[in-house]
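Remarks on the structure that follows.
The values are calculated or read from the model by the stated rules, or taken from the named source; none is laboratory data. This is a predicted model, so every value here is computed, not measured. All Cβ positions, glycine included, derive from the backbone under ideal geometry; neighbour counts span all protein chains shown.
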């Protein structure tokens, strides 16, 4: 293979524009040519505090100078502190740390199946949702409901039964003696920001209790303040048995978590682990991120900016004949009847605005949780101009 460009040594796994990002500050990214971009993707909801926040850079520096990784064979204080913070501000009693949301979801699947082997005569099937997304490991791809993955990497891991989101009757009909759990995202991000309704989530809790099933919330994208509450389950008024976190918990560094009720925790030594899992460098950052989010007024600000962005998008939708605006907090989607999301996202990037076309018919907005009101207004003004140009 000829080396025709500086990018050829990287394996091609996604379509990337021919640009190199070299610096980020808050809501802004800068490429190697010096061009600045207002970033409303933020690493797919990863940079919860924006690019290069001082609290994270200082935490990394001070922790790296002290202890990076003693191995999972020993306790370390940052991991203990982060686990204590998570359990004291949630309904869960135990935490396992991982490196990615997919890894946390893989752990949730394993935990549910282990619990089924011990307490439900070997039940192992997990009901998941059509168009759901849980990661790119083989098991989490099998659990996901993305249509174009159906024939990819066969044979997949068996035992995942798909039903339509918000269809409680279909979920009820899918339950058999082999069923051990129901797993879903409170808001389907990759599917185009499709929320699970509150009656549906409450109905799932009732079904799980009635049939002695585990309810698993994948909050990799919705957790850590993204919807304006610390976790999405708090808005539904129910408690899952297992929850996974990723993306925003590390504020940009590789960190994820599997949380569970004490009654569910049945891993034995050797069942679960990972070389870097719970290392003090990443856990220290997680503490810094969570402590920032717990400061007075932080989540209120997320809700305020979310309302500002949603109202602005609805106004633009009316003005330009676009579709509905979906979502909560700072995870929002705008429907595009013309199905031209990729073209709009590319045109926006050319003008210095980074947005995501989750699907051809949906734009997705995931700015930093501390995005300013002025930055939201700037985004809306750029979109207004962009939609007018597209119509012309």
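Some notes on this structure:
- Identity of the residue in region 71-84, surrounded by 12 or more Cβ atoms within 10 Å (Cβ to Cβ) and part of a loop (DSSP other than H, G, I, E, B), that ends up modelled with the lowest pLDDT: 72
- Evaluated against (1) closer than 22 Å to residue 143 by Cβ; (2) touching a residue at least 40 places away in the same chain (Cβ under 8 Å), residue 223 falls short on exactly one condition, (2).
- Condition met for residue 345 (touching a strand residue (DSSP E or B) at 6+ places or on another chain (Cβ under 7 Å), part of a helix (DSSP H, G or I), surrounded by fewer than 24 Cβ atoms within 10 Å (Cβ to Cβ) and in the same structural domain as residue 33 (by TED's automatic domain parsing)): yes
- Failed condition for residue 391, given (1) without any contact (Cβ under 8 Å) to a residue 60 or more places away in the chain; (2) surrounded by fewer than 23 Cβ atoms within 10 Å (Cβ to Cβ); (3) touching a helix residue (DSSP H, G or I) at 6+ places or on another chain (Cβ under 8 Å): (1)
- Residue identified as under 21 Å from residue 236 (Cβ atoms) and more than 21 Å from the chain's Cα centre (by Cα) among 199, 186, 158, 195: 199
- Residues satisfying the stated conditions in region 360-380, i.e. out of contact with any strand residue (DSSP E or B) (no Cβ under 9 Å at 6 or more places or on another chain) and closer than 19 Å to residue 336 by Cα: 360, 380
- When each of 339, 327, 333, 323 is tested for being in contact with a strand residue (DSSP E or B) (Cβ under 8 Å, 6 or more places away or on another chain) and assigned to a loop (DSSP other than H, G, I, E, B), the lone residue that passes is 323.
- Residue match in region 293-305 (condition: outside any helix (DSSP H, G or I) and either closer than 24 Å to residue 246 by Cβ or in contact (Cβ under 8 Å) with a residue 60 or more places away in the chain (or both)): yes
- Against the conditions (1) touching a helix residue (DSSP H, G or I) at 6+ places or on another chain (Cβ under 8 Å); (2) in a helix (DSSP H, G or I); (3) modelled with pLDDT of 95 or more, residue 357 satisfies every one except (2).
- Residue selected from region 355-374 under the condition farther than 17 Å from residue 324 by Cα and either surrounded by fewer than 20 Cβ atoms within 10 Å (Cβ to Cβ) or not assigned by TED's automatic domain parsing to the domain that holds residue 47 (or both), by the criterion farthest from the chain's Cα centre (by Cα): 374
- Any chance residue 120 is assigned by TED's automatic domain parsing to the domain that holds residue 225, modelled with pLDDT under 95 and more than 23 Å from residue 255 (Cα to Cα): no
- Those residues of region 9-54 which are in contact (Cβ under 8 Å) with a residue 40 or more places away in the chain and assigned to a strand (DSSP E or B), in sequence order: 26, 29, 36, 37, 38, 39, 51
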